[in-house]
């Protein structure tokens, strides 16, 4: 009977309308009915991703689409620049290594963004760098990166700019075409209000030029093969039909609201959460913080892993803890996708009660009050 | 208002109970709740696959798991034997080539099975062959291969036996351990009564020995990485939670019935379908035919592609046509998974009416009568 609340940075809550769409009977994918759906879904995704580039849907987690952005682009020994300021920046580096490429790591303090000028310098010093792998929002730290400035720099070179927007696109601004992002990776289970199982990848003409010139170490994630199927709105492999049906509904909900308004909505929830954090006397890990996930520094000496676990097991609220060296030191709260004012109130309230139980001294209710002030338009 | 019927060899029908399971709210995957589910699902799959080997769940189509069985096993220049007697045998060959391995193709006439003795000879003549890639049922032709005999031969060598059981396991006998299949690939959207989106792969100790000795050209499909996560029933990447929840329900339904009984059920439906085909004066493409999909030779000169399309568009019954050189010449009917007596009756009835419309001369109702005789236990 207990009501559970999912407020972790992925998977996130899925609207009941979308869940019920996915309970419709399965139909065949080599049909006009499916092709029409596929075409409509791609049109809807292009609006959200702000791109006219090709968009591909992969039956995989976001990592699969990241693999496509590496295995189709880099051959053995080829150089790439990798911004590494968290778990997901590390993943780009591991992917480059798995396929024999030579990643040049730009290590950034966890919680800080990449410095575009460092990227500029690397690209200037080494014209052999073929691709730059970045992360719009590091889910592990909650920091947001200035992709617009990075895009302006990479655009002037021959390198491809790939951006992991898995846990941010659909929640915060991403101007794929205007900013010059050549390959944007997005996941279904974050801001797009869907269960996990689908990933998306955009490919710019500049990226195609590079991809077309090589034989990839890829089959399932072979983009040239996918492009051929796409001509008739087919998938190279059997698509996850029920998820695509749900996706159509979720995309329509986002586009009915309008993506710019959806960005504003996320900003408002994030501001309310940050106001609550401040009122509780706690700090943020990230600078600047993203508007899709808030990473909170927990009180010195508190067992943060226990807090996250107790909150889930005893109070039904799922948030995320810290990863790697941040384990036990932070907690992470999502405002992505199907989240509203009362999701902020619930998670702040639950956090307050758990902080009190674990002995932290503060005025109970102060966080909720601060959040309400933002949500009521008073601050 | 029209009732539609999905009787193509994948995706297949999904029980309403399973569809509704997947409409339950999404929950987080790094939790005890998910790990318990994952553990139970693996136990259930092992019963269906008849194995004690490790079983992995991949968020992908079956092709993704096929890629795992190649990219983790073969390095550049290494030799593999590939049985190629249809679209899916070809896929094994393409996968080997994509990852730089050297496939030795055993070309088999479409509709005929691999000859175990040919495999024996190849393995004897060339001890460098590291793996043998086979297909239990070629979905493109409906033929079933004697995997038991092939297993007995490959077991005596150092080669790994990989078997594509995507469109057959769960419908027809597969004794993974007893027959010596080292890597079995299965898909969710066929006999397992699930929508597309998940694939499964077993890995035997013999296969592990080979995999452990090499660095794979893989990341998303890296089996060593997956094994590490599996120790705690975790997934390396965010799993498709809603599909896993549905899978648990589907597996339970199969295991409640008992896999041996489920094999018998499929055999009965296939026998009824074949009796109908014979009564209509038509022939089968495959010899021997599999009990999960029946490929029917259409009357000489008939436009088979039109038949399949009209049946779907005008009469609401989705079956499959022929692929490659069989385009327009055959149609393929599934009896996999959530299929019963009246699915056979419906599809035979629809086929009869369409054959009549397209000018084929036969006694209307003869196919249904022949099917009923089998289903009623009269023949």
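Here, each number is a calculation from the coordinates, and none is a lab measurement. Not measured: the values here are computed from a predicted model. A quick note on method: Cβ atoms are made from the backbone with ideal geometry, for glycine too, and the neighbour counts reach across all protein chains shown.
Using the Cβ-Cβ distance between residue A:366 and residue A:178 with R0 set to 56 Å, the FRET efficiency works out to roughly 0.85. Going by neighbour counts of Cβ atoms within 10 Å, the residues A:298, B:37 line up, fewest first, as B:37, A:298. In terms of its alpha-carbon gyration tensor, the protein assembly as shown comes out prolate; a/c meets the 1.5 threshold, and the first ratio a/b outweighs b/c. The other copies place their residue B:77 label points at 1.5 nm from this one, listed shortest first, where each point is 7 Å from Cα along Cα→Cβ.
Round to the nearest 10 and give me the degree value, 0 to 90, for the angle of helix A:341-357's Cα axis relative to the longest principal axis of chain A. Value to nearest ten degrees: 60. Computed from the Cβ-Cβ distance with R0 of 60 Å, the FRET efficiency linking residue A:300 to residue B:146 stands at 0.35. Taking all Cα pairs closer than 8 Å and separated by 6 or more residues, the relative contact order of the range B:1-99 comes to 15 percent. Under 8 Å for C-alpha pairs, at least 6 residues apart: give me the relative contact order for chain B, rounded to a whole percent. Across chain B, relative contact order equals 23 percent.
Restricted to Cα atoms, chain A shows a radius of gyration and a Dmax of 20.8, 62 angstrom.
Quantify how strongly other chains surround peptide A:68-75 by giving the mean number of their Cβ atoms within 10 Å of each of its Cβ atoms. Present the calculation step by step, with values, prior to reporting the outcome.
Values: counts 1, 0, 1, 5, 0, 0, 0, 0.
Whole-number average of other-chain Cβ neighbours for A:68-75 is 1.
Report the label-to-label distance for residue B:233 and residue B:35 in nanometres (one decimal), using points 7 Å from each Cα along the Cα→Cβ vector. Spacing of the two 7 Å Cα→Cβ label points: 0.8 nm.
Of the residues A:266, A:28, the one with the fewest other Cβ atoms within 10 Å heads the list, and the complete ranking is A:28, A:266.
Using a 7 Å projection from Cα along Cα-to-Cβ, the label point at residue B:43 is separated from the same position in the remaining copies by 4.9 nm, smallest value first.
As a test of the formula, what do you get for chain B when each DSSP H run with n ≥ 4 contributes -39,500 (n - 2.57) and the sum is divided by the residue count, at 222 nm and rounded to the nearest 500 deg cm²/dmol? Provide the component values of the computation, followed by the final result.
Values: 14 runs with 161 residues, N = 379.
Taking each H run of at least 4 residues, the total per residue is -13000 deg cm²/dmol.
Could you list A:96, A:163 so that the one with the fewest beta carbons within 10 Å of its beta carbon is first and the one with the most is last?
Working: A:96 26, A:163 29.
Ordered from fewest to most neighbouring Cβ atoms within 10 Å, A:96, A:163 come out as A:96, A:163.
For residue B:115, inter-copy separations between label points set 7 Å beyond Cα along the Cβ vector come to 7.1 nm, shortest first.
Using a simple spin-label model with pseudo-atoms 7 Å out from Cα toward Cβ, residue B:155 and residue B:376 lie 4.4 nm apart.
For the rotational copies A and B, the chain A residue with its Cβ nearest the relating axis, together with that separation in Å, is A:23, 2.
Grab the eigenvalues of the alpha-carbon gyration tensor for the range A:303-352, scale each by 5, take roots, and send me the semi-axes largest first in whole angstrom. The partial results should precede the final answer.
Details: eigenvalues 76, 34, 13 Å².
Listed largest to smallest, the semi-axes of the range A:303-352 are 19, 13, 8 Å.
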